[in-house]
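Novice: This is the structure, below, for whatever I ask next.
The values are calculated or read from the model by the stated rules, or taken from the named source; none is laboratory data. Everything numeric in this text was worked out from a predicted model, so none of it was measured. Reconstructed Cβ throughout: ideal geometry from the backbone, glycine too, with neighbour counts over all protein chains shown. Keep in mind that these areas ignore ligands, DNA and RNA; they rest on the heavy atoms of the full protein, side chains included. Shrake-Rupley method; radii C 1.70, N 1.55, O 1.52, S 1.80 Å.
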Amino acid sequence: MDSQPPANGSSPSTIGDLWNRVASLIPTSDSIFPGKFSSLYRQTFAKKRHISFPLPLPNNISADTSRIYVALEEIMADVLSNLHDIQKSLEFWQSRAEGSNARKAYFMVFERGPVAFVDESVKLVRKGLSEEDSALQHLCQSSSSHMSDRMRVLMELRSLLASFLAQLYVELDKRGEDLLKNPEKSLPSLLVVIDRLFSNLEGSFSHLHATRESDSSIDGSYSMPLVFDRLPEVNEEGSQWTDCELTDAINLVHKNLEKLNSYLSVMVGKHRKPRRMTLYWVRYTCGAVGLSVFSIWLLRHSSLMGSSDIDNWIRDAKEATVSFFGDHVEQPLLAIRDELFDTFRKRHKGVMEAEEVQLTQDSLHRMLRNFCEQATPEKVSDNATDQEMLEVVMHRYEKELVHPIHNLLSGELARGMLIQVQKLKLDIETAMLELEQILRANEINFAILAALPAFFLSLGMLALLRTWLKQDSKAQGRGRIARIHRRLLVVEIEKRIMQYQSYIEQGRDKDAETVFGLLIYSLERLYRVVETPAKTSGEWDLVKKDLIELGRPQQQTSYKLTVTQRLTTVYDCLLPSLKRQ
């Protein structure tokens, strides 16, 4: 990653060397500096990090055993932490490798940092000019090779760490009771086993170096060997170890663990997924440019440059906010309140009342009856309706229109016209009364309609507040998404239990050992994320016991599958949201 001095003694002021020096300071996806910082973090805060999933050891241990217990916890915590980093990077590369060719090309150009952007752009231009229709294909092939190399190395690292974790866990499960009954003999024996496990891990990494060094396309991927310190030759069946020898052996374990962390920080750092800053550097660059332009624009309109625009905008925004609150919150709520409590009290104060309409209708009825009695020789029935009498009026009115001038002065034409005016007045008053009743019935609806903008705004704010309070992200939250993630972890555990049993039946002990280590890793993840919701629901003690049972090497597979079924169907903290009561 770091640029080397020119071998030909050229001046460092040349453009190419200057670019290399600048490029060496810019983070890329292949940078090992994150790994170095990760190693420094582990060395600094190792005492503050503890394993969540309990070790298969008794709790009531002696003082000497407690020292090795702390060392074992650190080994488990560091190995599980490294496994988690490897798993996240592996999932990232797998998701990118499964994408389309366009998605792979986009990653190679835009998601590996500005240096890779310049390099790949130059390569695309050169190949586009030299060979037709081959630049994009070559970029896709380069992307596939880039991802496959990293996936291969990460999968091998994961396999080695999982095997180491499985061997350590099985040994602890075997020697738990002996550490409690006879710690003077069991403790040295356990330290010798741990030393042998580190030695085996060193041999596995050496084999990995020998088989992959020539095949790797990543510079310096296998250049740093891993060499652990060894315990001096002791007679395990002989005399007991002194306290000084125990202390030296435990310190040696810590030292080897630091070497392992340093080695993995470099190896994983070279093959890990790009950092977020590197992955989204285009967005961040555009955001930074936009923020700079906005800052300059804001400065030009600020009082520092003698402009009052910002003060005016603030005042206008304040007035608009007050107006919005008054029009869409305060007034609609007051209107709803007044309608709910004052409607019946104010019914008699309407513009048009039913009594007025009744008076007009009675007057029209008398006018029609008098007209019919005078205009027709027949007696008008007492049960005659206004419609029947109005037909008589209209019939006579049509006759009167034959001689309108004469009948207007001496006939019944004027009287018929006045009756029609009275009928028109009655129709208008009836329509006004009905309209007023409709408006009164919908006053609450109009007030609610005016309050809808504020209602939807409040609903959005409440949804954001609910999401923040529930912390519904990944598997550690309390919402629906977190429950789904936890249930998927149980499914992953179930698959690895079945895969472990399948490898055992096929006689593939090495693969079974790797799967068991990954099973412990999955159990530790579920143990960590389910602890808080299980304590909230009061189920933690039972859930904890079931998870410990799933990690026991000698437990029957059928029983483990029964436990996984119980986890997803009984415990409230792992049930889907729809089944909660």
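Novice: Based on this model, can you work out whether E339 counts as modelled with pLDDT under 80, assigned to a helix (DSSP H, G or I), touching an Asp or Glu at 6+ places or on another chain (Cβ under 7 Å) and among the charged types (D, E, K, R)?
Specialist: In short, yes.
Novice: Further question: Return yes or no: is L201 aliphatic (A, V, I, L, M), modelled with pLDDT of 90 or more and out of contact with any Pro (no Cβ under 7 Å at 6 or more places or on another chain)?
Specialist: yes
Novice: Determine which member of the set L424, L418, L409, L449 is open to solvent by 90 Å² or more (accessible area, probe 1.4 Å), in a helix (DSSP H, G or I), within 30 Å of R369 (Cα to Cα) and at pLDDT below 75.
Specialist: L409
Novice: Restricting to region 180-198, what's the tally of residues that are farther than 16 Å from L252 by Cα and either of a type outside the set (A, V, I, L, M, F, W, C) or at pLDDT 90 or above (or both)?
Specialist: The number of residues fulfilling the criteria is 6.
Novice: Follow-up. Looking at region 82-105 only, could you name the residues that are buried (at least 16 other Cβ atoms within 10 Å of the Cβ), within 22 Å of the chain's Cα centre (by Cα) and not basic (K, R)?
Specialist: D85, I86, Q87, S89, L90, F92, W93
Novice: Suppose we keep only residues that are within 29 Å of the chain's Cα centre (by Cα) and touching a residue at least 40 places away in the same chain (Cβ under 8 Å) within region 551-581. Which one would you say is farthest from P58 (Cα to Cα)?
Specialist: Among those residues, the one meeting the criterion is S577.
Novice: Just need a number here: residues in region 244-286 that are touching an Asp or Glu at 6+ places or on another chain (Cβ under 7 Å) and over 27 Å from Q87 (Cβ atoms).
Specialist: Result for region 244-286: 2.
Novice: Right, next: If you check S66, S62, which single one turns out to be in contact with a helix residue (DSSP H, G or I) (Cβ under 6 Å, 6 or more places away or on another chain), closer than 26 Å to N251 by Cβ, modelled with pLDDT under 85 and surrounded by fewer than 16 Cβ atoms within 10 Å (Cβ to Cβ)?
Specialist: Numbers: S66 fails: in contact with a helix residue (DSSP H, G or I) (Cβ under 6 Å, 6 or more places away or on another chain).
Only one candidate qualifies: S62.
Novice: Looking at (1) modelled with pLDDT of 90 or more; (2) surrounded by fewer than 19 Cβ atoms within 10 Å (Cβ to Cβ), which is the only condition K123 fails?
Specialist: Every listed condition holds for K123 apart from (1).
Novice: Scanning region 87-144 for residues that are free of Cβ contacts under 8 Å to residues at least 24 places away in the same chain and not in a helix (DSSP H, G or I), which turns out farthest from M267 (Cα to Cα)?
Specialist: Only one residue fits best here, namely E132.
Novice: Taking the residues in region 346-370 that are at pLDDT below 70 and not β-branched (V, I, T) as candidates, determine which candidate is most open to solvent (accessible area, probe 1.4 Å).
Specialist: So the residue we want is K349.
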